[in-house]
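What follows draws every value from the coordinates through simple rules; no lab data is involved. Values in this document were obtained by computation on a predicted structure and should not be read as measured data. Ideal geometry is used to build each Cβ from the backbone, glycine not excepted, and the neighbour counts take in all protein chains shown.
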Amino acid sequence: MTDNRPYHRYTLSNAVRLLLIPMHGVNSIATSVMVGVGSRYETPQINGISHFLEHMVFKGTKKYPTTDDVNIIEKVGGLQNAYTDIDVTNYHNKALSTDWELALEVNKELALSPLLLQEHVDKERDVIIEEMKRYEDEPAAKVEEAYHMMLYPSTTLGMRIIGTERSLRSVASKELKLYHERQYSPERMVVVLAGVVSRQSSAIRQKTEEWFGNIKPRKTTSIEKVSLKQEKPRLEVVTKPDAQQAHLVIGLRTFERRSEDRFAWNLFNLIMGVSFTSRLFREIREKRGLCYHIRSSSGNFEEVGSWDIYAGVATEKVTLATQAILGELGKAKENGITQEELQIARKRLKTLLAFKSEDPEFFTEWYGRQEVYNQDILTVDDYIKKIESVTKNDINHLIRKYFKTETLNMALVWNRKKDDTLEKLLKI
């Protein structure tokens, strides 16, 4: 039987997974080593260690013992980076297809063989604390963090990715090595290559087996599942005396990552708060002049999720902006969306996917994320079919399902103290 899937999936004997995504018309290759671990796998005592570890690998590995050595991809004209998220860490790069072996080897070294020397730990800790202070000086980032923490209080899901200064100061080389040993288990690893891979697929499989096939399984920690019941709207205020503007997030609890609701909701999100033609942009910025930037987005995890709206507004206009945003939510709940809005959103989403599909790095993320989360993989074409099947009634049903006053939350960063009158506005 012919395999017509646009990707190839292989599983090593130790459960490491390999995904190859062939692309035509490109001369580059993107490689990624994803590990299904992030801040929600930590404890409060070592909060931030996943991100700390991701920083530390660039200080040297067994084969590339210095920072200069690790940056060898840049010396051949490529791009190298990494990031830590709540539930995944990703070591990724992009290079010419002729350099695929070097690109994959560097990511292998970063993920599997960091040196984690104490002298480097002490120096990098100070770097991360400076990174933390930078976030503290960015109200837009601060309000997003405050909103997330108020959604999931007293849980590992609600902890900061970067950690706290106190938790970071408790982390030394010993803790980093132990965390790496325990959490970087083979069944959590996904190796992804996208771009010019067809000609060397056999060699890629051989190298993946050689470099990743001998990793022994570890006894890992599982995540703490979150189950929170919210019975009334809530307001969280962070006072920042030097803030020149108020930054707010208003949102609602929605659905988990695998929910079938995500297809219709992605279209609704485009209609409400993505781009110049969205309802929120036209009403809050263009018509009322209350903000410069406004957008909506979703954050969905294994068992819970939310949808939120961010805006930066003048401090004296927070009440007006809050009323206007909630007014738009009320209109959506009462009247739903139109068929024309659905058609435009569907076309826009398909076009965005077409643009992104020209970049190999998009595909390492698209397929890698689904695989590391142990989801049934949807190709871009599969996804488009799901989008095509969404009706206006589907979206309007979801609006009524999730637009509930009792699950409203608002976070605000500004230069004033908490204003109880704002909490009274939180209703749909």
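Okay, here's what the table says:
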item: Reachable lysines, given that their alpha-carbon falls under 24 Å from the alpha-carbon of Lys386 and they are not under 8 places away in the same chain; result: Lys333, Lys347, Lys350, Lys356, Lys401
item: Helix 392-402 vs. the chain, principal-axis angle (Cα, 0 to 90°, nearest 10); result: 80 degrees
item: Net length gained if the chain between Lys347 and Glu131 were fully extended (0.36 nm per residue, minus Cα distance); result: 73.8 nm
item: Over 32 Å between alpha carbons, listed pairs Lys59/Lys219; Lys177/Lys240; Lys59/Lys207; Lys229/Lys331; Lys63/Lys174; result: Lys177/Lys240
item: Shape category assigned to the chain from the gyration tensor of Cα positions, a/c cut at 1.5; result: oblate
item: Contact order normalised by residue count of the chain, Cα under 8 Å, 6+ apart, percent; result: 22 percent
item: Simple spin-label estimate for Glu256 and His293 in nanometres, 7 Å along Cα-Cβ; result: 3.3 nm
item: Sum of -39500 (n - 2.57) over DSSP H runs of 4+, divided by residues of the chain (222 nm, nearest 500); result: -12500 deg cm²/dmol
item: DSSP-loop trypsin sites (Lys or Arg not before Pro) across the stretch 171-222, with at most 15 other Cβ within 10 angstrom; result: Arg199, Arg218, Lys219
item: Computed FRET value (nearest 0.05) for Leu115 with Glu334, which takes r as the C-beta separation and R₀ as 56 Å; result: 0.40
item: Fraction of alpha-carbon pairs over 15 Å apart in the stretch 363-428 - percent; result: 72 percent
item: Loop-resident sites, the stretch 350-402, for GluC sites (Glu not before Pro), counting at most 15 other Cβ within 10 Å (DSSP); result: Glu358
item: Cα-based shape type of the stretch 5-92, given that a ≥ b ≥ c are square roots of the gyration tensor eigenvalues and the cut on a/c is 1.5; result: oblate
item: The stretch 237-308: chymotrypsin sites (Phe, Trp or Tyr not before Pro) falling in loop per DSSP and having at most 14 other Cβ within 10 Å; result: Phe276
